[in-house]
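*Asks:* Questions regarding the structure given below will be posed in turn.
No lab work stands behind these numbers, since they all come straight from the coordinates. Not measured: the values here are computed from a predicted model. When we count neighbours, we look across all protein chains shown, and the Cβ atoms used for this are built from the backbone with ideal geometry, even at glycine.
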Amino acid sequence: MNTTPDGGASVPQAGAPRLVLATHNAHKVGELRAILAGLTPLAPEQVIGAAQTGASEPVEDGVTFAENALIKARALAAHTGLVAVADDSGLAVDVLGGAPGIFSARWAGRHGDDRANLDLLLAQLGDVPAQHRAAGFVCAAALVTPDGREHVELGELRGTLLTAPRGEGGFGYDPILQPDGETRSCAELTAAEKNAISHRGRAFRALAPHIAQALARA
């Protein structure tokens, strides 16, 4: 926090970063800014991504989405001295016992290779009929403050896995999950439509009041 010459707390400069998101993915920073818009007292420029801080990515060795989200948020809060928010998310396929789960981003062996991950999963489910292709995106959103306060919220988007990708939007497994009640894949939804129902949108909307409280105390 900035201080005045007499040692008192000063009002943060307009536009100064107040919340840092534990992601180096610019696409995700934009998505999270859109989700949080209007839910917290922040202007878009006050929400920054980890890439703008010079922070390195911590080892995510948790065994649940919540554990990994907290690992990332704790590291970033300690590095920046800002209120930090992180999420860990993935696809849980019922017939695979919840896999890929926390391994979603590296299911094919190389982290972040969306197409390889998607192709491998479709091949593994090649002979699974539609009635057994239920799955869901799961997100754990974690908040950590520099003084050690923590909070986690969970969100889920249930649907059915398609047999081939559809749509050009989104990222990750979006082209193959058709949300319940929809005729389109997540990749065929507009950004606003996706944010309104997504696992990440639900988790961050639930976390937003806690973010606002943390910022008020910062």
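*Asks:* Where does each of GLU193, GLU31 land when they are ranked from fewest to most other beta-carbon atoms within 10 angstrom?
*Replies:* GLU193, GLU31
*Asks:* State the volume of the convex hull built on the alpha-carbon positions of region 90-206, expressed per residue in Å³ and rounded to an integer.
*Replies:* 114 Å³
*Asks:* For THR64 and LEU122 in the same chain, what is the full-extension length gain: residue separation times 0.36 nm, less their Cα-Cα distance, in nm?
*Replies:* So the extension gain works out to 18.5 nm.
*Asks:* When the dipole is taken about the Cα centre of region 77-158, and only Lys, Arg (+1) and Asp, Glu (-1) are charged at their Cβ, what size is it in debye, to the nearest 20?
*Replies:* 160 debye
*Asks:* Given 0.36 nm per residue, what is the gain on full extension from ARG217 to PHE171 after removing their alpha carbon distance, in nm?
*Replies:* Roughly 13.1 nm would be gained on extension.
*Asks:* Right, here's the next one. Quick one: if you stick a label point 7 Å off each Cα along the C-beta vector at ASP94 and THR190, how many nm between them?
*Replies:* It works out to 3.1 nm between the two label points.
*Asks:* Still on this structure: R0 = 25 Å: FRET efficiency of HIS111 with ALA43, Cβ-based, nearest 0.05?
*Replies:* Approximately 0.20, to the nearest 0.05.
*Asks:* Which value in nm describes the separation of the simple spin-label points at GLU150 and ALA51, placed 7 Å from the Cα toward the beta carbon?
*Replies:* 2.8 nm
*Asks:* If you take the square roots of the eigenvalues of the alpha-carbon gyration tensor of region 130-177 and sort them as a ≥ b ≥ c, do you get rounded (a/c under 1.5), prolate (a/b over b/c) or oblate?
*Replies:* oblate
*Asks:* What percentages make up the Cα-Cα pair-distance distribution of the chain when the bins are 10 Å wide from 0?
*Replies:* Calculated P(r), rounded to whole percents: 8, 33, 33, 17, 6, 2, 0, 0.
*Asks:* Cα centroid distance between region 93-142 and region 24-83, in Å?
*Replies:* Centre-to-centre (Cα) distance: 24 Å.
*Asks:* Per 0.36 nm of contour for each residue apart, how much would the distance between HIS132 and ALA206 grow if the chain were fully extended, relative to their Cα-Cα spacing?
*Replies:* Difference between extended and current length: 23.6 nm.
*Asks:* I'd like to know which of GLY62, GLY109, LEU189 lies farthest towards the positive end of the charge dipole of region 19-217, counting +1 on Cβ of Lys and Arg and -1 on Cβ of Asp and Glu.
*Replies:* The listed residue farthest towards the positive side: LEU189.
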